[in-house]
Structure formats: C-alpha cells, structure tokens
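The structure appears below as structure tokens.
Quick note: the coordinates plus some simple rules give every number you see, no bench work behind them. Quick caveat, the model's predicted, so the values are computed rather than measured. Cβ coordinates were reconstructed from backbone atoms using ideal geometry, including for glycine residues, and neighbour counts include every protein chain displayed.
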Amino acid sequence: MKHRRLAEFVGVVSLFALLSAPILTEAKNIPLEGFQEVPALSTTGEGKCNVKVNKAGDQIEATVSYSGLEGSVTQSHIHFGQRSVSAGVMFFFCSNLGNAPADTPTCPDSGTITRTIVAADIIGPAGQGIAPGELGEAIEAIRTGNAYCNVHSTLYLAGEIRGQLKPSN
C-alpha cells in the first residue's frame, strides 16, 4: 500500500512537471504567397517564414526570406490575426518606412532577414489586446496559429506575400 501511494505521488508530480514545462513552438518553412493576402493577389513574389520560440519562452527566433516581388519591399513583420483577416503588427523583421523601432534593419528587395525577438521588440497591437512588451501574448498568438508573416511592397501597400504560421509542435 505504501509503495502504491508513493507511485501515485510520483506520477502526479511528474504529470505536473510535464504540464508546467515550457512548450517549444516552431513554425517551419511557411510558404509566403500572394494568394494568402486579403484580398488574394496574383503576384510573382514568393518566400518562406520560420519562427521558433526558445525553451525558456523569452525569445523568438524569426527568419523571413523572399524574392521576386513585383514592387520594392517597404516592410516585413509578423501580425496577430487569423487566416483571411488583416490585423495589427506584433513585431518587425525590417522596414524602409521609418515606422519601426530604432534597431529594426532596412529591407532588401530580396533576401533573408533573421531576428531574435525579445519583449522590447513587441509593439502590439494594443487594440487587439497585446500591449508593447507583451512577449508572452505574442508567443500565444503564434502557438495558437493566430499569427501571420507578411511582406509589403510599393506596389501592394497592404502586403504582397503572406503566410499563416502553423506551429509544428
């Protein structure tokens, strides 16, 4: 009887530890295309987006790659929004418009940008319940599939290519 209770106790403690452990989240090789824009676009641009939340849950490693866009790239970022909805920006990859945080790199017309995102990089969207600096809220949006990667251009100001993040674990 004593061993059974000890085994039950160890099982409960192990389950609690498993459930309280940080969840690793990755969205790998998400295709970016005009057909996912709102409204859908027929463009020659294409790209990929990768997002990985570290085990501690205090950083997001994010990479966007793109080429063949019909306009000059103006900005790229991750938005908080479900499929087929235009929504607010959580954090920037790059910008050529002067509208991003000071340490944001400029956008090339094609290429790859990798950023390590921390709480200070989260800019909102406050109107959707994510205040500046709320990294945990941004991570939850990614984990639940309610975030998308977007690349904007001079020809398509609202976005030329887009991809909904689909976490793989």
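Okay, here's what the table says:
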read-out	value
Residues (buried (at least 19 other Cβ atoms within 10 Å of the Cβ) and farther than 23 Å from TYR66 by Cβ) located in the range 103-132	GLY124, ILE130
Some residue of the range 132-148 being in contact with a Cys (Cβ under 9 Å, 6 or more places away or on another chain) and on the phi < 0 side of the Ramachandran plot	yes
Answer from GLY163, GLY136 - the residue that is more than 15 Å from VAL64 (Cα to Cα) and small (Gly, Ala, Ser)	GLY136
Filter pass, GLY159 being assigned to a loop (DSSP other than H, G, I, E, B), touching a His at 6+ places or on another chain (Cβ under 8 Å) and within 20 Å of PRO101 (Cα to Cα)	yes
Residues being surrounded by fewer than 23 Cβ atoms within 10 Å (Cβ to Cβ) and small (Gly, Ala, Ser) - total across the range 142-162	2
Pick from the range 52-102, criterion of a type in the set (A, V, I, L, M) and in contact with a helix residue (DSSP H, G or I) (Cβ under 6 Å, 6 or more places away or on another chain), ranking: surrounded by the most Cβ atoms within 10 Å (Cβ to Cβ)	MET90
Single residue of the range 32-51 satisfying the filter (under 15 Å from the mean Cα position of the chain (by Cα) and surrounded by fewer than 22 Cβ atoms within 10 Å (Cβ to Cβ)) that is nearest to PHE91 (Cα to Cα)	ASN50
Candidate set from the range 107-160 (those that are polar (S, T, N, Q) and in contact (Cβ under 8 Å) with a residue 60 or more places away in the chain); member that is farthest from THR63 (Cα to Cα)	THR154
Per-region count, the range 50-81, residues under 17 Å from LYS166 (Cβ atoms) and not in a strand (DSSP E or B)	1
